[in-house]
Amino acid sequence: MATLRERLADGVPLVAVSFGDDDAEGDAARVRDLGVDVAELRVDWYSSADPAHVVDRVRAFRGVPTLATVRSKTEGGYWPGDEAERLRLYEALLPEVDAVDVELSATEVLPGVVAAARALGRLVVVSHHDFVATPSPERLAEIVDGALAAGADLVKISTMAHGPDDVRTLSALLLRYNSSRMIVIGMGGEGAASRVFFPLLGSRITYSAIGGHPAPGQLPFAETVALLERFSPAFAARRAS
């Protein structure tokens, strides 16, 4: 199976599903059986933050394109520990995955994660999540520029959309930057369409759910795939191959 870097290279939309550690072997088997493009491993959902436990659960997904994150509580995650412990966990994870996601706001962790990823040839997604609103275009541009300057291979912007104006703001952001390096999502019911149509404009990864913990406005995996197959011939062709 291709790595995440290889999957990203062809420009075809990718569909990710997030997983905890309740049934890592079963989840990894589902990823393979259903053809999930990317397994997002939400280490902040794991029952233990012990590096040995985490690495053991992550290794169940070997051979699958993987993106791991230890999401902070300040951006919608559940990470309970301190930042030094979180950095050590990222460093333990990096040899086992294709990429990691770390928040731009995680100033104590971000430089070390980027340095460790570079040393191993892994990708870094630098992310920003706003579960309340969509910031102004100017503020969004500052965030993207900051993420790129910090060493992001991909920049993820996920904000709450309260109407068409917010969706237009996010689409304009996606079109402003090199879309090969952008993941842009409008959360909530008003932003649900962005999870299908932004990938058609170049947003590299869209996130879907198979049970678990769906984000606001997130669509089920099967529905996301069916819609992308309808609107993206390249996506449909890859699924059929």
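Of the residues LEU93, LEU89, which is within 23 Å of ARG204 (Cα to Cα), of a type in the set (A, V, I, L, M) and either in contact with a helix residue (DSSP H, G or I) (Cβ under 6 Å, 6 or more places away or on another chain) or outside any strand (DSSP E or B) (or both)? If you could, list the steps in order and put the result at the bottom.
Working: LEU89 fails: within 23 Å of ARG204 (Cα to Cα).
When all the criteria are applied, what remains is LEU93.
Of these, LEU87, LEU94, which one is under 16 Å from the mean Cα position of the chain (by Cα), within 16 Å of LEU120 (Cβ to Cβ) and without any contact (Cβ under 8 Å) to a residue 40 or more places away in the chain? Spell out the reasoning first.
Numbers: LEU87 fails: under 16 Å from the mean Cα position of the chain (by Cα).
Result of the check over LEU87, LEU94: LEU94.
Quick check on my filter: what residues within the range 137-149 are within 18 Å of GLU75 (Cα to Cα) and either of a type in the set (Val, Ile, Thr) or open to solvent by 10 Å² or more (accessible area, probe 1.4 Å) (or both)?
ARG139, GLU142, ILE143, VAL144, GLY146 - these are the residues of the range 137-149 that are within 18 Å of GLU75 (Cα to Cα) and either of a type in the set (Val, Ile, Thr) or open to solvent by 10 Å² or more (accessible area, probe 1.4 Å) (or both).
Against the definition (part of a loop (DSSP other than H, G, I, E, B), open to solvent by 30 Å² or more (accessible area, probe 1.4 Å) and out of contact with any helix residue (DSSP H, G or I) (no Cβ under 6 Å at 6 or more places or on another chain)), how does ALA172 come out, yes or no?
Numbers: part of a loop (DSSP other than H, G, I, E, B): no; open to solvent by 30 Å² or more (accessible area, probe 1.4 Å): yes; out of contact with any helix residue (DSSP H, G or I) (no Cβ under 6 Å at 6 or more places or on another chain): yes.
No.
For the range 25-42, which positions are part of a helix (DSSP H, G or I) and either in contact with a Phe, Trp or Tyr (Cβ under 8 Å, 6 or more places away or on another chain) or polar (S, T, N, Q) (or both)?
In the first step, residues of the range 25-42 are kept if they are part of a helix (DSSP H, G or I); the result is 25-34.
If the condition is that a residue be part of a helix (DSSP H, G or I) and either in contact with a Phe, Trp or Tyr (Cβ under 8 Å, 6 or more places away or on another chain) or polar (S, T, N, Q) (or both), then ASP27, ALA28, VAL31, LEU34 are the ones that fit.
Given the conditions (1) of a type outside the set (S, T, N, Q); (2) surrounded by fewer than 21 Cβ atoms within 10 Å (Cβ to Cβ); (3) in contact (Cβ under 8 Å) with a residue 60 or more places away in the chain; (4) not in a loop (DSSP other than H, G, I, E, B), report the number of the one that PRO199 does not fulfil.
If we test PRO199 against (1) of a type outside the set (S, T, N, Q); (2) surrounded by fewer than 21 Cβ atoms within 10 Å (Cβ to Cβ); (3) in contact (Cβ under 8 Å) with a residue 60 or more places away in the chain; (4) not in a loop (DSSP other than H, G, I, E, B), just (2) comes out false.
Inspect the range 98-113 for any residue being assigned to a helix (DSSP H, G or I) and small (Gly, Ala, Ser) and give the result as yes or no.
Residues of the range 98-113 that are assigned to a helix (DSSP H, G or I), as a first pass: 110-113.
Cutting the leftovers down to small (Gly, Ala, Ser) gives us 112.
The answer is yes, given that some residue of the range 98-113 is assigned to a helix (DSSP H, G or I) and small (Gly, Ala, Ser).
Return the total of residues in the range 201-212 being more than 14 Å from the chain's Cα centre (by Cα) and either small (Gly, Ala, Ser) or closer than 21 Å to ASP130 by Cα (or both).
Filtering the range 201-212 down to residues more than 14 Å from the chain's Cα centre (by Cα) leaves 201-202, 210-212.
Applying the additional criterion that residues be either small (Gly, Ala, Ser) or closer than 21 Å to ASP130 by Cα (or both) yields 202, 211-212.
Matching residues across the range 201-212 total 3.
From the residues in the range 88-136 that are surrounded by fewer than 18 Cβ atoms within 10 Å (Cβ to Cβ) and among the basic types (Lys, Arg), which one is nearest to LYS73 (Cα to Cα)?
At the first step, the residues of the range 88-136 found to be surrounded by fewer than 18 Cβ atoms within 10 Å (Cβ to Cβ) are 88, 92, 95, 105, 107-108, 111, 115, 118-121, 130-133, 136.
Pick out the ones that are also among the basic types (Lys, Arg) and you get 88, 118.
Details: ARG88: 18, ARG118: 26 Å.
Selected residue: ARG88.
For the range 152-164, what are the residues that are under 15 Å from ALA117 (Cα atoms), open to solvent by less than 20 Å² (accessible area, probe 1.4 Å) and not in a strand (DSSP E or B)?
Answer for the range 152-164, where residues must be under 15 Å from ALA117 (Cα atoms), open to solvent by less than 20 Å² (accessible area, probe 1.4 Å) and not in a strand (DSSP E or B): just ALA152.
Can you pull out every residue in the range 11-67 that is in contact (Cβ under 8 Å) with a residue 40 or more places away in the chain, of a type in the set (Ser, Thr, Tyr) and open to solvent by 10 Å² or more (accessible area, probe 1.4 Å)?
SER18
Just for the range 206-230: of the residues that are part of a loop (DSSP other than H, G, I, E, B) and touching a residue at least 12 places away in the same chain (Cβ under 8 Å), which one is surrounded by the most Cβ atoms within 10 Å (Cβ to Cβ)? Lay out the reasoning, then the answer.
Taking the range 206-230 first, the residues part of a loop (DSSP other than H, G, I, E, B) are 210-219.
Those still in the list that are touching a residue at least 12 places away in the same chain (Cβ under 8 Å) too: 210, 212-213, 215-219.
Values: ILE210: 16, GLY212: 14, HIS213: 13, ALA215: 17, PRO216: 16, GLY217: 18, GLN218: 22, LEU219: 20.
In this case the residue turns out to be GLN218.
The values are calculated or read from the model by the stated rules, or taken from the named source; none is laboratory data. Treat the numbers as computed from the prediction; the structure is a model and nothing was measured. Cβ: placed from backbone, ideal geometry, glycine included. Neighbour counts: every protein chain shown. The protein model used for the area step is the full one, side chains on, heavy atoms only, and it has no ligands, DNA or RNA in it. Shrake-Rupley method; radii C 1.70, N 1.55, O 1.52, S 1.80 Å.
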